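Below you'll find the structure, written out as structure tokens, and then a few comments.
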Amino acid sequence: MAHVNPPPLAGIRVLDLTWNLPGPYASFQLASLGAEVTKIEPPRGDPAKHVPGLYEPLNRGKHVIVLDLREEGDRRRLEDLIRETDVVLEGFRPGVAERLGCGPDQVAALNPRAVYCSITAFGRTGERAPLPAHDLNVQALAGACHLARDASGRPHGMPLPIADLSASMAAVSSICAALLARERDGRGRALDVGMLDAILSWTVLWSRGVDFAGEVRRRTPRPGRSLVRRLAERLDRQRLHALPHYDLFRCRDGRWLALGIVDEDHFWRLLCDQLGLPGVARWKMQVRLLAGPVLRPLIAARLRTADRATWLDRLGSAGVPVTPVLTPEEALQDAAVRARMVEPDGVHVRAPLPDARHPS
């Protein structure tokens, strides 16, 4: 019989005082690693219950207790739970947890070994700390909406709530690190996770790390800069998508595929061989980047000559990075995706963590 390792967080007790998305997605991941999660909800319930398709997968397997923390008896019950827990996760605006008797200092007094993690929009300190905000507000402030602007310059919010989800991932990483540190010194920690902090680390990394426009500006003599202003704006807006071979293309049958070539000259040569474009096969990335407005429609025209399945077979067999553009539901029907990410019940999706499992 094969030996099965116990879940990494087996025996860890988590008290989850959050609702909606950032906190519950963090505790969902902790539960998938074996933690026992008790979720405290107010009498009116988690607002996410109004969206059953969101609430149920995030909170399955958690033990839900309804407490009215404005009532003395329920606050005493919460204190009893705090004394027996390893992690307290909360998502109140700064000052609210203290009024309800579950701020970081109050939890530390009841249980010095508890790891306390707060997830807020702007962190627990700083001038923005008390302000209300949701995911789109934080995306806007972090520069994500600017990075997603269209050709007219209009900014757009990302369809995925990346401020919420990046904060969830930061919380899980921080909690696991704090639990490891507690094994060494026996002390709990107070963790201050800000949604703005989490997404800003992504947007700054991407905006500074992929800056074709800056390179064009640095290399252009000052007298000629007005000639490249529009080019620089396009590069600044599109980032990697300014590359004509890093984009989505429609095939003859109306279905879409994604080409994912960046600076790899050998992938570009393979693509040109399959598309019948020998004249540009030796062009280096910088040339391809500048010639994007010409190369992109040329690639698109070639790909419209056959159905998607044909191109996936041809390009994939040749070693070109190519994938179909799928809906989320189509993605869940992919055999490889199902093998890695779908629970044995055939419905629920696992947390994206090694060794993740989840109680039903």
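Shown here: log10 I(q)/I(0) by the Debye sum over Cα atoms at q = 0.07 Å⁻¹, derived from the displayed model; of the candidates (i) -0.52; (ii) -0.31; (iii) -0.43, it corresponds to (iii). In region 71-136, Cα pairs under 8 Å separated by at least six residues give a relative contact order of 34 percent. Accessible area of the chain with a 1.4 Å probe: how many percent of it is carbon plus sulfur? It is 56 percent, rounded to a whole number.
Per residue, the solvent-accessible area of the chain (1.4 Å probe, heavy atoms of protein chains only, all protein chains present) comes to 54 Å². Residues whose amide H comes within less than 5 Å of that of E41, counting only those at least five positions distant or on another chain, are I65, V66, L67 (H built at 1.01 Å from N in the peptide plane). Entry note, the chain: relative contact order of 15 percent, from Cα contacts under 8 Å with a spacing of 6+ residues. With θ taken as phi - 60° and the Karplus curve 6.51 cos²θ - 1.76 cosθ + 1.60 applied, the whole-hertz 3J(HN,Hα) list for region 95-103 is x, 5, 4, 4, 5, 8, x, 9, x Hz, x standing for glycine and proline. With θ taken as phi - 60° and the Karplus curve 6.51 cos²θ - 1.76 cosθ + 1.60 applied, the whole-hertz 3J(HN,Hα) list for region 194-203 is x, 4, 4, 4, 5, 6, 4, 4, 6, 5 Hz, x standing for glycine and proline. Only one residue of P155, P104, S168 has its Cα farthest out toward the positive end of the dipole of region 58-184, where Lys and Arg carry +1 and Asp and Glu -1 on Cβ, and that residue is P155. Where both bridge residues fall in the chain, DSSP classifies roughly 30% of the beta bridges as antiparallel. Placing unit charges on the Cβ atoms only, positive for Lys and Arg and negative for Asp and Glu, gives the chain a dipole magnitude near 1820 debye about its Cα centre. Close amide H pairs (under 5 Å, H built 1.01 Å from N) link V349 with E343, residues at least 5 positions away or on another chain. Restricting region 9-74 to GluC sites (Glu not before Pro) that sit in a DSSP loop and have at most 12 other Cβ atoms within 10 Å of their own Cβ leaves E71. Amide H to amide H, with H built 1.01 Å from N, V115 comes under 5 Å of V87, V88, R189, counting only residues 5 or more places away or on other chains. Across region 246-261, rounded Karplus estimates of 3J(HN,Hα) from the backbone phi angles (6.51 cos²θ - 1.76 cosθ + 1.60, θ = phi - 60°) give 10, 6, 9, 9, 8, 9, 4, 7, x, 8, 10, 9, 10, 9, x, 8 Hz, Gly and Pro being marked x.
The values are calculated or read from the model by the stated rules, or taken from the named source; none is laboratory data. Here the structure is a predicted model, which means the values were calculated and not measured. Cβ coordinates were reconstructed from backbone atoms using ideal geometry, including for glycine residues, and neighbour counts include every protein chain displayed. Each accessible area value is taken on the protein alone, full model and side chains, heavy atoms only, with ligands, DNA and RNA left out. Shrake-Rupley method; radii C 1.70, N 1.55, O 1.52, S 1.80 Å.
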